[in-house]
1. Starting from the Cα of I99, move 7 Å in the Cα-to-Cβ direction to define the label point; list residues of region 125-159 whose amide nitrogen is under 16 Å from there.
2. Less than 13 Å from a label point 7 Å out along the Cα-to-Cβ axis of Q143: which backbone N atoms in region 100-123 qualify, by residue?
3. At 0.36 nm per residue, minus the direct Cα-Cα distance, what do Q131 and T240 gain on full extension? Give it in nm, one decimal, please.
4. If I stretch the segment between I114 and D180 completely, what's the gain in nm (0.36 nm per residue apart, minus their alpha carbon distance), one decimal?
5. Name the shape class, rounded, prolate or oblate, that the alpha-carbon gyration tensor gives for region 95-243, where a ≥ b ≥ c are the square roots of its eigenvalues, rounded holds for a/c under 1.5, and otherwise prolate holds if a/b is larger than b/c and oblate otherwise.
6. Extending each Cα 7 Å along its Cβ direction at M214 and M352, get the distance between those two points in nm, one decimal.
7. Between F251 and R277, what is the spin-label point distance in nm, taking each point 7 Å from the Cα along the Cα→C-beta axis?
Amino acid sequence: RENQFYQAAISNPNYPPVPPPGLDIQLSSQLPSLIASRNTVLAEIRLYRAQLSGGSNSASLSPEQRIRLQYGTSALDARIAELESRIGSLQEQLKQNQIQLANGRDILTVEQGILADLRPLYEQGGFSKIQFLRQENEVKNRQTEINSRIEEEQRLQKEIAGVRANLLNTIASSQRELADLMAQNQERIDSINTQIASIVSQLNQRIVDNNKQMAEIDSQLQQAQLTLSYQELRAPVDGTVFDLQPSTPGFVANTTQPVLKIVPGSSLIANVFLTNRDIGFVEAGMETEVRVDSFPFSEFGDVKGKVLSIGSDALPPDPAELRQDYTFPAKIELDKQFIQAYGKEVPLQSGMSITANIRVRKRTVMSIFTEMFLDKTESLTKMR
């Protein structure tokens, strides 16, 4: 559950899931606020870019940002318009001054021509001194006026240059301010991304540690289950325990020695051993007569049955089981699990010794006498 929570927090940090009870969520709880801060800063950068482009990239802005963009753009446009209007006014003044300067220069040229024409007359006494001085003063006044127009022209040109520089500086300052803000916000984004990457790395490390811990716990659990399985013996069939070998605590079992035996609780099956002479005609399904040694046949009869299976290979002799020759194991299914004795049913028990008669084939009386005669003849032949 803890790993699922961490993985969900990493894949969807904006809306982390509800943590399990008792889980430390300090790391994962920081992700939503960091993501929100990063989104806010990214939105600010988009706003600044829209301002730099003059509002052409405003499609991705929120309504609030569009209002801010409109306000910021309007303020800058108003300042630019004011400076451009001032430049236009000064240029108009400069134009009028240049016209007046040109007119003044024309008039000065005329007045200077008149003064030049009057000077010989004045010097010869043909023109009054007062009028000559008046004309000379007029030329000086025109020259003074032209000098004033020239100074005004220079002043206007200087002021126009200053206003134009102020305009360019206003635009550049606005762009520089926006660029600085974008750079600062980019630094904030880099810092936030570093924090997010650190938290995600720590969450991934916790997932790895949890997986390692779960693997160790699973290994310990499997070892404990294996140990428990060694402490408990399970029989392949239901039944009753007998011939139990351990008698005291601390008994050490040997892999080649039976620890106990189980008497199945289901129907008993007769185990018999067939010699080489008997195996030839025996097949599964043949009818049998099982005689229990504990119950004499002459008094209690036998139990009917059928051959259930026959071993595919012969077993070597085993004196412990009174088998002196090679024999084939066979199983016989009993029709009943009891012997009728003294008017009651006495159940058969596992381990009772039995003798089985298997009906292999029908024979004529003549074949029996013929076989007996051949056996005697072969016996005499061997004696010779």
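Nothing in this text is a laboratory measurement; each read-out follows from the coordinates by a stated rule. Keep in mind it's a predicted model, so treat the numbers as computed, not measured. Note that each Cβ is placed from the backbone with ideal geometry, even for glycine, and that neighbours are counted across all protein chains shown.
1. Only 153 pass the distance filter.
2. From region 100-123, the list is 108-109, 111-113, 115-116.
3. That pair, Q131 and T240, stretches by 23.0 nm at full extension.
4. My answer for the length gained is 17.1 nm.
5. Note, shape of region 95-243 comes out prolate.
6. The answer from the label model is 5.9 nm.
7. According to this spin-label approximation, the distance is 4.2 nm.
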